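Just so it is clear, none of the values below were taken in a lab; they were calculated from the coordinates. Source: prediction; values computed, not measured. Cβ atoms come from the backbone with ideal geometry, glycine included; neighbour counts cover every protein chain shown.
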Amino acid sequence: MTAPTDIFDRSARRRHRDRATAAFPDYDFLRATMIEGLVERLDSVTRDFTDVLDLGCFDGAWPFPGAQVARVDPGFGFARMAGGVQADEDQLPFADASFDLVVSAGVLDQVNDLPGALSLVRRILRPDGLFLAAFVGAGSLGTLRAAMRTAEGDRPAARLHPQIDVRSAGDLLVRAGFALPVADVETLDIRYRSLGSAIEDLRGMAATNILAGRSAMTRTTLARAASAYADRAGADGRTTERIEIIYLTGWAPDESQPRPARRGSGTASLAAALKPPAR
């Protein structure tokens, strides 16, 4: 059920994910790219993790050898396929300090209460537990957005989801209480033959419109959008769509972690450092 303040329709999100379940391996390239980036970050951590939560697990294809893995997805079909449980990211059913690693690839851009979800993640992590996430961020699907604006003129309907930029994502980590927070971004360019092929990919990865205030698009509007999209094609007839992938890294606070120096504890004076040298 969607609450009056929800940005996204929770029921529609579950339906879209269930619709995408069967053919998802044909459309998992974006999530696979995210997982590759997360694995690179995880490989730089010199410790083992024994209890892992895969948050927004899709088909559960991300293995964690040697660890006990719990998987959660907001869609019933994906949760069942992965042997996990169905739950929204901002309504997690786990006790505090249940995991030493929480990973999430490709879902946090569709969460109604993202600050609340991040706070829950921090709570279910043990002290010095690690959180790694990747999701589609601000600046993504710019060509599609432009085509939709052209098609709908001065009064465009809500078709594409609001997006979070990398600075705001970092601020959310701090707000949720994570230690040593890091937010960075990587870019992926995709070349499409047509608007239809772009929409097919979005539908296949369960990323089409689930806004609570969405409205149906007329065939006339869709035709104008397809034409505007084609107008932005290159010499090879393909249109470039850019995806900005935001990566988050944060640790549950622990006494063993490095801390910033106490204010005023430095031995050098800034005024002295800026003083011109003697002649």
Cα axis of helix 114-124 to longest principal axis of the chain: angle in degrees, 0 to 90, nearest 10? 50
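With only alpha-carbon atoms in the gyration tensor, what are the semi-axes of the equivalent ellipsoid for the chain, in Å, largest first? Before the final figure, lay out the partial values.
Values: eigenvalues 262, 143, 62 Å².
For the chain, the semi-axes come out at 36, 27, 18 Å.
On average, how much area does the Cα convex hull of region 83-191 cover when viewed from any direction, in nm²?
Numbers: hull surface 35.6 nm².
For the Cα atoms of region 83-191, the hull's average projected area reads 8.9 nm².
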In degrees, nearest ten, helix 219-231 long axis to first principal axis of the chain (Cα): 60
Treating each Cα of region 1-135 as an identical point scatterer and ignoring solvent, apply the Debye formula and state log10 I(q)/I(0) at q = 0.12, 0.18, 0.22 Å⁻¹. -0.44, -1.02, -1.50
Mean-square fluctuation check for the chain, GNM, Cα pairs under 10 Å: which of Ala226, Ala216, Ala22 is largest? Ala216
Label Ser227 and Ala67 with points 7 Å out from Cα along Cα→Cβ: what is the distance between them in nm? 5.1
Relative contact order (%) - criterion: Cα under 8 Å, at least six apart; region: the chain: 22
To test your reading of the geometry: what angle, between 0 and 90 degrees and rounded to tens, separates the Cα axis of helix 29-43 from the longest principal axis of the chain? 10
Approximate spin-label separation Asp6-Leu180, in nm, with each point projected 7 Å along Cα-to-Cβ: 3.7
Only bridges with both residues in the chain count here: give the DSSP antiparallel percent, nearest 5. 55
Shape descriptor, region 45-117: equivalent ellipsoid semi-axes (Cα gyration tensor, sqrt 5λ, whole Å, largest first) stand at 19, 15, 11
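Please identify every one of the trypsin sites (Lys or Arg not before Pro) in region 40-141 that sits in a loop by DSSP and has no more than 11 other beta carbons within 10 Å of its own beta carbon. Don't skip to the end; give the middle numbers.
Working: sites: Arg41, Arg47, Arg71, Arg80, Arg122, Arg123; in loops: Arg47.
Here the trypsin sites (Lys or Arg not before Pro) that fit, given the DSSP loop and packing criteria, are Arg47.
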